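First comes the structure, then the notes that go with it.
Every number here is computed from the coordinates shown, using simple stated rules; none is lab data. Since we're looking at a predicted model, the values are computed, not measured. In this analysis, Cβ positions are derived from the backbone assuming ideal geometry, glycine residues included, and neighbour counts consider all displayed protein chains.
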There are 2 protein chains.
Amino acid sequence: MDIKNKIRLGHGSGGLLSGQLIKRVVLKYFKDKTLKKLEDAAALSLGQKNIAFTTDSYVIDPLFFPGGDIGKLSVFGTVNDLAMKGARPEYLSLSLIIEEGFSIRDLETILKSAALAAKQAGVTVVCGDTKVVERGKADKLFINTAGIGSLRMNLHKENIKIGDVIMVSGTIGDHGIAVMNERLKLGLRSSIKSDCAPLNLLTRKLERYKGTIHYMRDPTRGGVASVLNEIIDDTPFGIMLDERSLPIRKEVRAASEILGIDPLYVANEGKCIAIVSKKRVDSVLKTMRAHALGRHAAVIGEVVKQPDGVWLKTAIGGTHPLLLLEAEGLPRIC
Amino acid sequence: MDIKNKIRLGHGSGGLLSGQLIKRVVLKYFKDKTLKKLEDAAALSLGQKNIAFTTDSYVIDPLFFPGGDIGKLSVFGTVNDLAMKGARPEYLSLSLIIEEGFSIRDLETILKSAALAAKQAGVTVVCGDTKVVERGKADKLFINTAGIGSLRMNLHKENIKIGDVIMVSGTIGDHGIAVMNERLKLGLRSSIKSDCAPLNLLTRKLERYKGTIHYMRDPTRGGVASVLNEIIDDTPFGIMLDERSLPIRKEVRAASEILGIDPLYVANEGKCIAIVSKKRVDSVLKTMRAHALGRHAAVIGEVVKQPDGVWLKTAIGGTHPLLLLEAEGLPRIC
C-alpha cells in the first residue's frame with residue numbers, strides 16, 4: 001500500500017480507506033476464499049454441519065450512549081452479523097481489554113447489560129478473556145465478541161438479480177446520531193436513541209423466505225450508502241434508491257442537517273437491509289412489519305442494470321450518486 | 001467486588017487478582033455452566049458435532065520479540081487453547097484494533113507472520129475485523145483471535161485422579177524471559193527465544209491416549225505454578241512437583257535469577273502440561289519426545305491426596321508451597 005505508510009483513522013471507518021487497507025494489506029497475506037468474500041460472517045462447514053462464524057471488536061466512544069452501551073452493542077453487533085448471514089446465533093465469546101484504573105462499577109454495568117442482551121438474543125456466552133493494559137495504553141474498555149451460529153438460509157451476493165428490491169427494516173441513522181449527540185455533547189433532542197437491537201429475532205421470521213430473500217446486511221459503519229456500495233462492488237449492477245421512501249426520523253433528519261451529514265452514511269445497529277425478489281416483496285414487507293424490529297420497514301430502492309454504482313433519486317426528481325466516501329465522518333461509532 | 005473499585009494491572013495477570021475479577025465480577029452476570037468452568041476453550045455441541053470454541057486478545061508489549069511477534073502469538077495462542085481442550089483447530093477469526101499512526105509496514109510484517117503461523121498450524125482464517133482508534137487511545141496494535149475446532153478427546157478436570165502424573169512437554173519460562181529481555185532491554189544472552197509454537201501438531205499425536213491423558217493446559221500467563229493452582233482449585237487434591245525434574249534452560253535460569261523471579265511463574269507459549277494416568281506414562285512420554293515440540297518433555301510431579309495446593313519438593317530435600325500470586329511479575333506478556 002503505497003499511498004500512505006501510516007494507519008489513519010479513516011482506515012477504520014467502513015469507507016474507501018477501510019476497503020483499501022483490507023484488500024491491499026490484509027488479503028495480501030490471508031487468501032482463504034471465504035475470507036476474501038469480506039462478508040460480515042463466514043459460512044463454513046464443520047463436519048456435516050453448516051455454520052456461520054464472525055468476529056467484531058467494539059471500540060465505541062463513549063461507552064454509554066442513549067439506547068445502549070458497549071456491552072449491549074458488542075453482543076447485538078455480533079448476533080446481527082450472524083443473523084445477516086442467515087444463521088441462528090448460538091454461542092458467543094467475550095473478550096475484554098481494560099485500561100488500568102477503569103471503574104469496576106462501570107465494568108459491572110457493562111457486563112450486566114451484555115448479559116441481558118445475550119438473554120434477549122437467545123445466545124450463550126461460553127468463553128472469554130480478560131486483559132489489562134497500563135493507564136493511557138487503551139481507552140477505558142474495548143470488547144471483542146466472536147459468534148457461532150447454525151446456517152438456515154443461503155445468502156450470497158451471487159443471488160442478487162436485476163429488478164430485486166432493496167428493503168430496510170426500519171428508520172435510518174438512529175445509532176450514529178445518538179452516539180454523536182452524546183459524544184459531542186450537542187444537546188440535541190434527547191428522544192434520539194441508538195437502535196441497537198438483536199436482528200436474529202426478526203430474521204428468524206424471515207427464514208420462510210429462503211430463496212426469496214437473496215441477500216442481507218446490517219448497515220453499521222458507513223451506513224446504508226456505504227454498505228450498498230460494498231454489496232454491488234464487483235457486480236455488474238447498480239442500485240437506485242428513492243429518497244422519498246427512506247424511513248428517517250424527524251429528529252435524526254434535523255440533527256443530520258445541523259451536523260452537515262447525510263443519514264445514509266450514518267451507522268445503524270439494529271437495522272437490516274434485505275435484497276428481495278420482486279415477486280414476493282409484499283409478503284416479506286408484511287412479515288417484517290408484523291415484528292417489533294421491522295415495524296417501519298420500507299422498500300427503498302431496486303437493483304438496476306444501469307447506471308453502475310449506488311444512486312439516489314431525489315425528492316425533487318433529480319438523481320445523484322451515493323459514492324463510497326474515503327472515510328466516514330466520525331470514528332469509533334461501534 | 002469491594003476490595004478495590006478500580007481495575008489494576010494485576011487484574012490481567014493470570015494470578016489471584018485475575019481470578020477474583022473473573023469469578024466475582026464476570027461470572028456474576030454470565031452464568032453459563034460451560035463458561036463457569038473457566039477453561040481456555042469451551043466444549044460445545046453444535047447439532048451432532050462436538051466442537052471447541054475459544055477467544056483471546058493479545059496485548060503483548062513489545063510487538064516483536066525474539067522468536068516471534070504478536071501475529072504469530074495470536075494465531076498459536078488460540079490454536080493452543082483449542083489443542084489443550086483436545087480439539088483439532090480448524091477456523092480462526094482475526095480482529096485488529098490499530099492505533100492511528102501505526103506503521104503499515106509493521107502491520108504487514110505482523111499479518112505475514114500470522115498467515116505463516118496459520119499455515120504451520122493448519123488452520124484457516126475465515127473472518128476478521130479492523131478498527132482504528134485515535135493516537136494515544138491504544139498501544140500500537142491489539143489482536144483478538146477466536147477459534148473453532150472439532151473435539152477429539154474428552155478432557156475434563158473431573159478426570160484427574162490421585163497418583164496421576166504431571167508432565168510438561170518441554171522447557172519452562174522461555175517466552176516470558178524472551179519478552180522481558182526484549183522489553184526491559186536487559187541485553188541478556190540472545191539465545192533466549194520465545195517458545196511460541198502450534199501445540200496442535202503435538203497433541204494430534206496424543207489423541208491415541210484418549211482416556212489416558214486426563215487433562216491438558218498450556219501454562220501461559222502466570223506460568224506452570226499459576227496454571228497448576230487453577231487446575232486443582234475446587235478439587236480435593238494437591239500437586240507435588242519435583243524441582244530436580246523441571247526442564248529449564250540454563251540461560252532462562254540465569255536470567256530469572258538476575259530478575260529475581262521464579263521460572264515456574266513465567267509465561268510459556270508453546271508448552272503443554274498433561275495430567276496423565278500413571279499406567280501409561282512411559283508411552284505418553286515417548287510419544288511426546290518423538291515430536292519436535294516435545295523433545296524435552298519430562299515428568300515433573302504428581303497429583304497427591306495431601307497436602308492441598310501446589311508444592312515443590314526442592315533439590316535439597318525440603319518442600320515449599322507454590323502459591324497463586326496476587327499478580328504475575330510483568331503485565332502484557334501475551
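Miscellaneous remarks
- Kirkwood-type hydrodynamic radius, chain A: 20.2 Å, calculated from all non-identical alpha-carbon pairs.
- For segment A:297-334, applying the loop criterion from DSSP together with a ceiling of 15 other beta carbons within 10 Å to the GluC sites (Glu not before Pro) yields A:Glu326.
- The DSSP beta bridges internal to chain A are antiparallel in roughly 75% of cases.
- Across the identical copies, how the B:Phe64 labels are spaced - nm, sorted shortest first, 7 Å along Cα→Cβ: 4.3
- Volume of the Cα convex hull of segment B:39-151, divided per residue and given in Å³: 102 Å³
- Modelled FRET efficiency - R0 41 Å, A:Ala290 with A:Arg105, Cβ distances, 0.05 increments: 0.50
- Three-way shape label, segment A:172-238, alpha-carbon gyration tensor, a/c 1.5: oblate
- DSSP-loop GluC sites (Glu not before Pro) across segment A:205-288, with at most 15 other Cβ within 10 angstrom: none
- Dipole in debye (nearest 20) - segment B:1-157, about Cα centre, beta carbon charges: Lys, Arg +1; Asp, Glu -1: 720 debye
- Here's the picture: charge each Lys and Arg Cβ at +1 and each Asp and Glu Cβ at -1 in the protein assembly as shown, and of A:Val304, B:Ser277, A:Ala114 the one pushed furthest to the positive end of that dipole is B:Ser277.
- Karplus-based coupling profile of segment B:219-225, in residue order and whole Hz: x, 8, 2, x, x, 4, 5, with θ = phi - 60° in 6.51 cos²θ - 1.76 cosθ + 1.60 and x standing for Gly or Pro.
- Of the trypsin sites (Lys or Arg not before Pro) found in segment A:239-334, those in coil by DSSP whose Cβ has at most 10 other Cβ atoms within 10 Å are A:Lys305.
- Ranking A:Leu246, A:Leu202, A:Gln48 by how far each Cα lies toward the positive end of the dipole of chain A (charges on Cβ) leaves A:Gln48 at the top.
- Segment A:118-167 and segment A:28-68: distance between their alpha carbon centers, rounded to Å: 6 Å
- Computed over the protein assembly as shown, the P(r) tail beyond 44 angstrom holds 22 percent of alpha carbon pairs.
- Overall Cα dimensions of segment B:105-210 - principal axes, largest extent first, Å: 53, 39, 25
- Rounded if a/c under 1.5, otherwise prolate or oblate - segment A:293-334, Cα gyration tensor axes: oblate
- Sorted from nearest, the other copies put their B:Lys37 label points 3.1 nm away, the label point being 7 Å from Cα in the direction of Cβ.
- Here the contact order of segment B:178-334, divided by its residue count and restricted to Cα pairs under 8 Å and six or more residues apart, works out to 35 percent.
- Among beta bridges from DSSP that stay inside segment A:39-151, the antiparallel ones total about 75%.
- Under 5 Å between amide hydrogens, built in the peptide plane, is the criterion, and for B:Val132 it picks out A:Gly12, B:Ile98 among residues at least 5 positions away or on other chains.
- The overall shape of segment B:232-307, judged from the alpha-carbon gyration tensor, is oblate: a/c is not under 1.5, and a/b is no greater than b/c.
- Kirkwood Rh in Å, taken over segment A:15-101 so that all alpha-carbon pairs contribute: 15.1 Å
- Across the copies of the chain, B:Asp234 has label points (7 Å from Cα along Cα→Cβ) spaced 4.4 nm apart, shortest distance listed first.
- Set against the 2.2 N^0.38 Å expectation for a compact globular protein, segment A:157-321 has a Cα radius of gyration ratio of 1.01.
- Qualifying aspartates and glutamates (Cα of each under 14 Å from Cα of B:Lys49; at least 8 residues distant if same chain): A:Glu90, B:Glu90
- The relative contact order of segment B:261-334 comes to 21 percent, based on Cα pairs under 8 Å that sit 6 or more residues apart.
- Percent RCO, i.e. relative contact order, over segment B:39-151, from Cα pairs under 8 Å lying at least 6 residues apart: 42 percent
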